[in-house]
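Worksheet: the structure to be examined is printed underneath.
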Amino acid sequence: MDTSPTILSTKKLSATQKELLLNTGLGFVEYEAITIEILEITIKHTIQNAIFTSKNAVKAIKNSGMIISNCFCVGDNTKKLLEENGLNVVEMAQNASDLAKIIIKKYKNDSFLFFCGNLRRDELPDLLKQNNVEIKERIVYKTHLKSNKFIRSFDGILFFSPSGIQSYTSENKIGESISFCIGNTTASEAKKHTDNIIVANKPTVENVIVQAVKHFTKK
């Protein structure tokens, strides 16, 4: 009987991401806990300062033809995608609260357009508004939860967004599983269901996988 630990990923992984799991002896199951619907955007004027907290928002605007002077973003991968699309990234932080603090400290008198999803978190816009920084929002994608009931439990579950946790827990209990979370925002959602949480030290899919592999293969 196979007693090696099994990990569930709440998103489908790329071939290179799966390679991090190959040859580890761990069992692996993957599914899409959420789907992203990109909305059509029509903004004709130049935007001075735009905020992006996810790659989905970047994907939503990349073929819109809009001109953006300065981008402020969360995460290395969001920054990389913006730069690959020829956009100028002025500031990058590892989480939304830290980005808000940078803006408050250095760009307090500027105004911003926040490109976000329908389930966006409150931290960044709330912090900016409390400090009288002018911010408008534009929803450019919608997150849809795809519930899926599992008739088994997993030793570890990889979570990449708060909505991924909401989707999984709509039909399943986290129970004894260890929740491996991409960042503190995702971890705070996981805390509603479990105390058994390990947060990646960089907000990347790869780092979440590495944390799980390290945890289950350490001797």
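Diagonalising the gyration tensor over the Cα atoms of the stretch 1-63 and scaling each eigenvalue by 5 before taking the square root yields semi-axes of 39, 12, 9 Å, largest first.
On the stretch 1-108, 48 percent of the accessible area sits on carbon and sulfur atoms, based on a 1.4 Å probe.
Averaging 1/r over every pair of different alpha carbons in the stretch 77-137 and inverting the result gives a Kirkwood radius of 12.3 Å. Note on the stretch 1-93: with charges restricted to the Cβ of Lys and Arg (+1) and Asp and Glu (-1), its dipole about the Cα centre is near 220 debye. Measuring between their Cα centroids, the stretch 144-219 and the stretch 76-120 lie 25 Å from each other. Spread over its residues, the convex hull of the C-alpha atoms of the stretch 99-219 is 124 Å³ per residue. In this entry, the stretch 146-193 is assigned a mean projected area of 2.9 nm², taken as a quarter of its C-alpha convex hull surface. Which log10 I(q)/I(0) values does the chain give at q = 0.10, 0.15 Å⁻¹ under the Debye formula, counting every alpha carbon as one identical point scatterer? One equal scatterer on each Cα of the chain leads to -0.48, -0.99.
For the stretch 1-114, just list the percent of Cα-Cα distances falling in each 10 Å bin from zero outward, please. Per 10 Å bin, starting at zero, the Cα-Cα P(r) for the stretch 1-114 comes out as 12, 34, 27, 17, 9, 2, 0 percent.
Computed over the chain, the per-residue total of -39500 (n - 2.57) for DSSP H runs of n ≥ 4 gives a 222 nm mean residue ellipticity of -8500 deg cm²/dmol, rounded to 500.
Cα extents for the stretch 118-165 along the principal axes, largest to smallest and rounded to whole angstrom: 49, 21, 11.
In the stretch 162-219, taking the dipole from charged Cβ atoms about the Cα centre, the farthest positive-side position among I209, T194, Q166 is held by I209.
The values are calculated or read from the model by the stated rules, or taken from the named source; none is laboratory data. Here the structure is a predicted model, which is why all the values come from computation and not from measurement. Positions of Cβ are generated from backbone atoms using ideal geometry, with glycine treated the same way; all protein chains shown enter the neighbour counts. These area figures cover heavy atoms from the full protein model, side chains too; ligands, DNA and RNA do not enter into them. Shrake-Rupley method; radii C 1.70, N 1.55, O 1.52, S 1.80 Å.
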